[in-house]
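**Q** Input: one structure, supplied below.
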Amino acid sequence: MKIIVMLFCLLVSFSLFSQDWDFEAPDYDKIEKNIQQKKSNLFYETLMKKYLQADATMTLQEKRHLYYGYTFQDEYSPYARSAYNDSLKVVLEKENHNPKDLDKILKFSDSILSANPFSIRALNYQSYVLEKMDRKKALNKKVTQLRIIIDVLISSGNGTSKEDAFYVIYTMHEYDLLAVLGFEFGGSQKLIEHYDYLTVLENNAGVKGLYFDVSPCLNSMLN
């Protein structure tokens with residue numbers, strides 16, 4: 001069976017789109033300052049270590065400083081494309097995956113994650129493989145990392161307007177979040193100031209489209 005988007009059901013379940021959950025836009029200036037404090041629990045190296053260890057005890061504040069704080073790291077490159085994407089795509093598009101295929105998916109995904117530790121799709125692909133291999137401990141680790149990312153995105157807004165936009169540091173996370181919320185991309189994307197607006201297909205919530213603040217992505221091109 002081909003796999004395009006797999007295990008979002010393990011992360012969070014939205015039977016209906018909610019527009020009234022608690023959310024807060026990130027304060028990038030404050031985050032940049034906080035992650036430089038070596039004796040703080042928000043020191044960036046400490047946060048990344050917790051994330052890579054899939055520490056489920058991370059607070060939402062720590063998760064938000066981890067994700068949005070990555071935009072201040074030298075490694076941040078929102079439009080970079082991994083050389084392993086094509087190789088991974090070839091394996092994923094096979095109708096069935098034998099043990100060697102599963103090993104390749106893990107290997108290629110690891111290479112992608114080494115350059116982009118917040119690649120939701122790479123983490124998803126690994127979750128698929130680990131479930132197939134019945135490696136429950138490793139699977140739980142990947143699911144925890146996925147939860148950390150999704151928790152941050154959901155905490156940033158509800159996407160119904162520019163003022164309440166979701167805040168992302170990768171444009172691919174816009175489409176990933178649509179899937180988490182149970183929407184399908186409607187085929188139209190428009191850049192409005194520093195917001196991406198994506199249309200969605202007809203849905204029970206009556207949502208026509210969602211807004212995403214992509215300021216870090218645009219700033220990276222200017223720099």
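The values are calculated or read from the model by the stated rules, or taken from the named source; none is laboratory data. Keep in mind that what you see is a predicted model, and the values were worked out from it rather than measured. Virtual Cβ from ideal backbone geometry, glycine too; neighbours counted across all protein chains shown. SASA here: full protein model, heavy atoms, side chains in, ligands and nucleic acids out. Shrake-Rupley method; radii C 1.70, N 1.55, O 1.52, S 1.80 Å.
**Q** Could you please give the count of residues in the range 89-112 that are among the basic types (K, R) and without any contact (Cβ under 8 Å) to a residue 12 or more places away in the chain?
**A** Qualifying residue count for the region: 3.
**Q** Go through (1) open to solvent by 20 Å² or more (accessible area, probe 1.4 Å); (2) closer than 28 Å to Y195 by Cα; (3) hydroxyl-bearing (S, T, Y) one by one and return the number of the condition Y84 breaks.
**A** Condition not satisfied by Y84: (2).
**Q** With the requirement that a residue be more than 20 Å from Y68 (Cβ to Cβ) and either crowded, with 16+ Cβ neighbours inside 10 Å or among the charged types (D, E, K, R) (or both), what does the range 206-223 give you?
**A** Across the range 206-223, the qualifying residues are V207, K208, G209.
**Q** Also, I was wondering about something else. What is the number of the single condition among (1) on the phi > 0 side of the Ramachandran plot; (2) out of contact with any strand residue (DSSP E or B) (no Cβ under 6 Å at 6 or more places or on another chain); (3) not hydrophobic (A, V, I, L, M, F, W, C) that Y170 does not meet?
**A** (1)
**Q** Here is a further query. Is it true that V168 is under 19 Å from the mean Cα position of the chain (by Cα) and at pLDDT 95 or above?
**A** Taking the combined requirement at face value, the residue satisfies it.
**Q** Specify the residue that is farthest from V168 (Cα to Cα); the eligible residues are those in the range 130-155 that are surrounded by fewer than 23 Cβ atoms within 10 Å (Cβ to Cβ) and touching a Ser or Thr at 6+ places or on another chain (Cβ under 8 Å).
**A** Only one residue fits best here, namely L139.
**Q** Same structure, new question: Restricting attention to the range 119-141, does a residue exist that is within 30 Å of K30 (Cβ to Cβ) and outside any helix (DSSP H, G or I)?
**A** yes
**Q** Then there's this: State whether one or more residues within the range 113-129 are closer than 30 Å to N203 by Cβ, surrounded by fewer than 18 Cβ atoms within 10 Å (Cβ to Cβ), touching a residue at least 60 places away in the same chain (Cβ under 8 Å) and out of contact with any Pro (no Cβ under 7 Å at 6 or more places or on another chain).
**A** No, there is no match, as no residue in the range 113-129 is closer than 30 Å to N203 by Cβ, surrounded by fewer than 18 Cβ atoms within 10 Å (Cβ to Cβ), touching a residue at least 60 places away in the same chain (Cβ under 8 Å) and out of contact with any Pro (no Cβ under 7 Å at 6 or more places or on another chain).
**Q** Please go through the range 98-112 and pick out each residue that is open to solvent by less than 30 Å² (accessible area, probe 1.4 Å) and not polar (S, T, N, Q).
**A** If the condition is that a residue be open to solvent by less than 30 Å² (accessible area, probe 1.4 Å) and not polar (S, T, N, Q), then D101, L102, I105, L106, I112 are the ones that fit.
**Q** Filter the range 150-175 down to residues that are part of a helix (DSSP H, G or I) and of a type in the set (F, W, Y), then give me how many there are.
**A** Qualifying residue count for the region: 1.
**Q** In the set S82, S109, S87, which member is within 26 Å of K49 (Cβ to Cβ) and part of a helix (DSSP H, G or I)?
**A** Checking each option against the conditions leaves just S109.
**Q** Ok, one more. Considering only residues of the range 43-59 that are open to solvent by less than 80 Å² (accessible area, probe 1.4 Å) and assigned to a helix (DSSP H, G or I), which is farthest from N140 (Cα to Cα)?
**A** The selected residue is Y44.
**Q** Say we look at the range 87-97 and pick out the residues that are open to solvent by 70 Å² or more (accessible area, probe 1.4 Å) and more than 13 Å from A122 (Cα to Cα); which of these is modelled with the highest pLDDT?
**A** V90
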